[in-house]
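Structure, as structure tokens:
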Amino acid sequence: MLSRAFQAYAAALTAMAAIGLAAHGAQAADMPFGSAAPPLVQQPVDLGTGWYLRGDIGFVNERAIALNADLSASSRRRSLYDLTFGFGYKFNNWLRADVTYDWRNASRVNTTGTAPCVDALGATVACSVMANTSLKQHVVLANGYIDLGNWSGIAPYVGAGVGVSTLRLGGVNAYTLPGGGAPPAIFDYAHVLTKRYYNVAYALMAGVAYDISPNAKVDLGYRYLNVGSYGALSPTTGKVTKKELDSHEVRLGVRYMIDGNGL
């Protein structure tokens, strides 16, 4: 009984295998000779076609630094240069945005003027002062722009940015009494406040860009940059006065579209 059941089961399996081989042979006969199944192709992921790089040099006219709050001196603004590096994304023909880092050359500012000081008798007199101030600053901004069309390769724009700034200021004063000599060491006349400041910074921009290739532009613009405030010290009273640091800049730069599809 068991032998007959086994024989029937084996016959059924043989029939199913024969049917499968016949079907496979029919499919192979329908395919061209030597053909094979098409290979699987992995499609690249499109991360966007609007990415660009930028670099600028700025010619800067900056508010004069006054770490000595008592110093009466010329308030002329000072000139220096600024380098900017960044990357951005163009959303369409009207809107784009980028993130930039600004580096400015570390500078020392020498200023002469007058300031009140106390003589050996305790009287307040006007001393001559020579102040030597150092400044290092770094700025990171997130910027947005509106492009106002393109006329024969010329594209005007306006923009604004907000970010953070780091200011590191310090300095040394040299006081001289009206009759000569240094004032008594009742107050710390030699040094002014040395400190690092972290501020909110903001910028306003306007300019024009010109096509120099299908995927690059040269950019000429103006920027107003405010990097926040710092503390100026009065050696006589010990009080700190907040002063603001800002600049007006003429900037020349290049923007380069990474994928070459044009800016």
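Derivation of every value follows stated rules applied to the coordinates shown; laboratory data play no part. From a predicted model like this one, the values you see are computed outputs, not experimental measurements. Cβ atoms come from the backbone with ideal geometry, glycine included; neighbour counts cover every protein chain shown.
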What net charge do the residues around MET205 carry, taking every other residue with its C-beta under 15 Å from that of MET205, with Lys and Arg at +1 and Asp and Glu at -1?
-> -2
Expected vector for segment 55-64, Karplus 3J(HN,Hα) from phi with 6.51, -1.76, 1.60 and θ = phi - 60°, integer Hz, x for Gly and Pro, equals x, 9, 10, x, 9, 10, 10, 10, 4, 4
Restrict the search to segment 50-153; then list the trypsin sites (Lys or Arg not before Pro) that DSSP places in a loop and that have at most 10 other Cβ atoms within 10 Å of their Cβ.
-> ARG76
Convex hull per residue volume in Å³, alpha carbons only, for segment 130-185 | 166 Å³
At most 15 other Cβ within 10 Å, DSSP loop - chymotrypsin sites (Phe, Trp or Tyr not before Pro), segment 131-239 | PHE187
³J(HN,Hα) computed for each position of segment 151-156 - Karplus, 6.51 cos²θ - 1.76 cosθ + 1.60, integer Hz, glycine/proline x = 10, 6, x, 9, 10, x
Given just the C-alpha atoms of segment 109-244, how large is their convex hull per residue in cubic angstrom?
-> 129 Å³
Determine the alpha carbon to alpha carbon distance for each of LYS136/LYS217; LYS136/LYS242; LYS90/LYS242 and list only those over 27 Å.
-> LYS136/LYS217; LYS90/LYS242
